[in-house]
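Remarks on the structure that follows.
The values are calculated or read from the model by the stated rules, or taken from the named source; none is laboratory data. Predicted model, so just to flag it, every value in this text is computed and none were measured. Cβ sites come from the backbone with ideal geometry, for glycine too, and all protein chains shown count toward neighbours. Surface areas here come from the heavy atoms of the whole protein model, side chains and all, with no ligands, DNA or RNA. Shrake-Rupley method; radii C 1.70, N 1.55, O 1.52, S 1.80 Å.
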Amino acid sequence: MAEIETFATVDDWAGACASRLAADLKAALTGGGSALFAGPGGSTPAPVYERLARSELDWSRVSVTLIDERYVPETSPDSNARQIRDVLLQGPAARARFIPLYSPAVTVDRAAAEAAAALSSVGGRLDTVLLGMGEDGHICSMFPGSPTLKTLLTPGLKPTVLGVPPGRDGAAPSIERLSMNLPWLMQAGRVILALKGGAKRAVYEREALGDPRTQPIAALLANAVPLEVLWTEAD
């Protein structure tokens, strides 16, 4: 199990996450290169994004994308792209290139293929990643019981983006999604799993001991993902 780094406050936790992400991006930009960052939507990463957006970087050479997305346009309140634009891509960070996973394609699978091609065109390797985790143990859109879960967790595939169908009989997700697969995280420079609250820590500790073929946290640990777990008890 990866060591859990503990922070007393949300401010300390968010600052540590943002500082490491910024350091990775700065290192990737050294020598005139470019950088690629992927993160989640939702409210949990907002304080991290607010700090990261103020980092002194050449944001014009940074590409930003999402680890997963709901299959909805940015006009929807459910859009992760809308959330990341509103919080991260502000101030200096507004100069970054945003690569969405959603596109108004004929099907979610076609949109996933277009997203994979767009990410390949900017190098196909994530320099740094921010992850969140649901209380069911899901990361990205790797949901327990999803018919695409085992494919998303297959380590031998190339990095890609896959369509995720809605769950049946009330199972998550409620709508179609797009998700990066495990190989993206295996090839990343650093992956920060940012957790808040006692319940999330308990879920992480339980899932870490699970089956890497069907439990995403266990898959991260079993496949040498460069994982760092940063946790604060404060919600």
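Out of LEU149, LEU178, LEU185, I need the residue that is within 27 Å of ALA23 (Cα to Cα) and crowded, with 17+ Cβ neighbours inside 10 Å. Which one?
Working: LEU149 fails: within 27 Å of ALA23 (Cα to Cα); LEU178 fails: within 27 Å of ALA23 (Cα to Cα).
The conditions single out LEU185.
What number of residues within region 78-122 are part of a loop (DSSP other than H, G, I, E, B), in contact (Cβ under 8 Å) with a residue 24 or more places away in the chain and open to solvent by 60 Å² or more (accessible area, probe 1.4 Å)? Don't jump to the end; show me each part of the working.
Keep residues of region 78-122 that are part of a loop (DSSP other than H, G, I, E, B), which gives 78-79, 88-90, 96, 100-107, 121-122.
Add one more test, that the residue is in contact (Cβ under 8 Å) with a residue 24 or more places away in the chain, and what stays is 78-79, 88-90, 96, 100-102, 104, 107, 122.
Subset that is open to solvent by 60 Å² or more (accessible area, probe 1.4 Å): 78, 90, 104, 107.
The total comes to 4.
Hey, GLU5 hits all of (1) in contact (Cβ under 8 Å) with a residue 40 or more places away in the chain; (2) under 30 Å from ALA172 (Cβ atoms); (3) in a helix (DSSP H, G or I) but one; which does it fall short on?
Exception for GLU5: condition (3).
Can you find a residue in region 38-46 that is among the polar types (S, T, N, Q) and either open to solvent by less than 20 Å² (accessible area, probe 1.4 Å) or modelled with pLDDT of 95 or more (or both)?
The initial filter retains those residues of region 38-46 that are among the polar types (S, T, N, Q), namely 43-44.
Those left that are additionally either open to solvent by less than 20 Å² (accessible area, probe 1.4 Å) or modelled with pLDDT of 95 or more (or both): none.
Taking every residue of region 38-46 in turn, none turns out to be among the polar types (S, T, N, Q) and either open to solvent by less than 20 Å² (accessible area, probe 1.4 Å) or modelled with pLDDT of 95 or more (or both).
If you take the residues in region 152-202 that are touching a helix residue (DSSP H, G or I) at 6+ places or on another chain (Cβ under 8 Å) and β-branched (Val, Ile, Thr), which one is nearest to TYR102 (Cα to Cα)?
Result: VAL161.
Among the numbered criteria (1) open to solvent by 40 Å² or more (accessible area, probe 1.4 Å); (2) in contact with a Phe, Trp or Tyr (Cβ under 6 Å, 6 or more places away or on another chain), which single criterion is violated by PRO159?
(1)
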